[in-house]
Amino acid sequence: MIIERIKNATVEPKISLVGAGPGDPDLLTLKGVKALQTADVVLYDALVNEALLNHAPKQAIKVYVGKRSGDESFSQELVNKLMIDYALNYGHVVRLKSGDPFVFARGYEEIDVAESYSIPTEIIPGISSALGVPGLQKIPMVYSALSESFWVVTGTNAKGEVSPDLYVAAKSNATIVVLMGIEKIKEIASIFKAEGKENLPVAVIENGSSANEHVVVGIVETIEELIIEKHIQSPALLVFGQVVSLHPQFNAIKDFYAILAQEE
């Protein structure tokens, strides 16, 4: 239900855009905790761990606003309207977004709308799943001669297509993290195969940092069938690059191919 946009003279509107991190509630920043502790309203996304809501006062209004990939139950326009309405009528709104609010999370759009109403805003970064989740699996973005840079690319753009940037990234030797791409794994793998990278190491991490995290490690040639075999589903991210060979699970793959080479 949308409340009336009538400013309450007794409140001071404020909007804090807070990154909730990748899933583990302990990965929320201290500044994020402090913002929640002073919230009058919390608008939180589908991928936010609801344990974080315990940091907010008991009397604070907690509003689920969806925003899971493929879920259009809450349009961006509706979320913006709710955010403004609650700020003008109740005071401090914490807009709690998974990961970091400025990494494929439309954080700028929400801050821009808030400032168009002259509402004071605050940005509190969070740990992006693109960096934090591979790191928790001991997969570095850059390491020695294996990789000197990294890309973070969306697997599916606003048009529902594979991002054109991925074609460019696949030509490089960089570590490539693909968000929102598991549903396009066949097409994404074909992009790397076209560059002759059938044997490039790949990690797929589902529900990164959470209690039900699942990790699959393989190579470009077989990663699609591994995802199907292990029933990996969204939310999951993909990591392409030689740095994935540092993951302990990759040792079994290296041993397998070593045995095949000996048999030949």
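Ignoring ligands, DNA and RNA, what percent of the 1.4 Å accessible area of the chain is carbon and sulfur? Working shown, then result.
Working: 6990 of 13430 Å².
The C+S portion of the solvent-accessible surface of the chain is 52 percent.
Would you tally the net charge around residue 60, using a Cβ to Cβ cut-off of less than 15 Å, leaving residue 60 out, and scoring K and R as +1, D and E as -1? Mind dumping the intermediate values first?
Working: positive: 14, 34, 58, 62, 95; negative: 40, 50.
Local net charge: +3.
Between residue 50 and residue 38, 0.36 nm times their residue separation minus their Cα-Cα distance comes to what?
Numbers: separation 12, 0.36 × 12 = 4.32 nm, distance 1.71 nm.
Computed gain between residue 50 and residue 38 is 2.6 nm.
Counting only helical runs of four or more DSSP H residues, what would the 222 nm mean residue ellipticity of the chain come to if each run contributes -39,500 (n - 2.57) and the total is spread over all its residues?
Taking each H run of at least 4 residues, the total per residue is -8500 deg cm²/dmol.
Once you sort the root eigenvalues of the Cα gyration tensor of the stretch 27-120 as a ≥ b ≥ c, which label holds: rounded (a/c under 1.5), prolate (a/b larger than b/c) or oblate (the other case)?
Rounded.
How would you classify the stretch 129-258 from its alpha-carbon gyration tensor, with a ≥ b ≥ c the square roots of the eigenvalues: rounded for a/c under 1.5, else prolate if a/b is greater than b/c, otherwise oblate?
Working: a/c = 1.23, a/b = 1.09, b/c = 1.13.
It is rounded, given that a/c, with a ≥ b ≥ c, falls under 1.5.
Using only the alpha carbon atoms of the chain, find the Kirkwood hydrodynamic radius as the inverse mean reciprocal pair distance, in angstroms to one decimal.
Details: mean 1/r = 0.0505 Å⁻¹.
It works out to 19.8 Å.
Residues in the stretch 119-163, backbone N under 16 Å from the label point at residue 251 (7 Å along the Cα-to-beta-carbon vector): list them, ranges by number please.
Answer for this model: 138-139.
The stretch 73-202: D in µm²/s via Stokes-Einstein (Kirkwood Rh, Cα pairs, 25 °C, 0.890 mPa s)?
Working: Rh = 17.1 Å.
The calculation lands on 143 µm²/s.
Relative to 2.2 N^0.38 Å, what does the C-alpha radius of gyration of the stretch 79-122 come to as a ratio? Two decimals please. If you can, show how the numbers build up before the last one.
Numbers: Rg = 10.1 Å, N = 44, 2.2 N^0.38 = 9.3 Å.
So the stretch 79-122 has a normalised radius of gyration of 1.09.
In the full protein assembly as shown, how much of residue 38 is accessible to a 1.4 Å probe, in Å² to the nearest 10?
For residue 38, the solvent-accessible surface is approximately 80 Å².
What does the accessible area per residue of the chain come to in Å², with a 1.4 Å probe and no ligands, DNA or RNA counted? Intermediate values should be presented prior to the final figure.
Working: 13430 Å² over 264 residues.
Here the per-residue accessible area is 51 Å².
Under a 1.4 angstrom probe, counting protein chains only, how are 83, 180 ranked by accessible area, largest first? Kindly include the intermediate steps, with their values, before the conclusion.
Working: 83 0, 180 75 Å².
These residues rank, largest area first, as 180, 83.
Reachable lysines from residue 138, Cα under 28 Å, same-chain residues fewer than 8 places away excluded?
Counting by Cα, and skipping residues close in sequence, residue 138 has these lysines nearby: 31, 97, 171, 184, 186, 193, 197, 230, 254.
The values are calculated or read from the model by the stated rules, or taken from the named source; none is laboratory data. For clarity, every value in this text was computed on a predicted model and none was experimentally measured. Every residue, glycine as well, gets a Cβ built from its backbone with ideal geometry; the counts of neighbours run over all protein chains shown. Quick note on the areas: whole protein, heavy atoms, side chains included, nothing else; ligands and nucleic acids left out. Shrake-Rupley method; radii C 1.70, N 1.55, O 1.52, S 1.80 Å.
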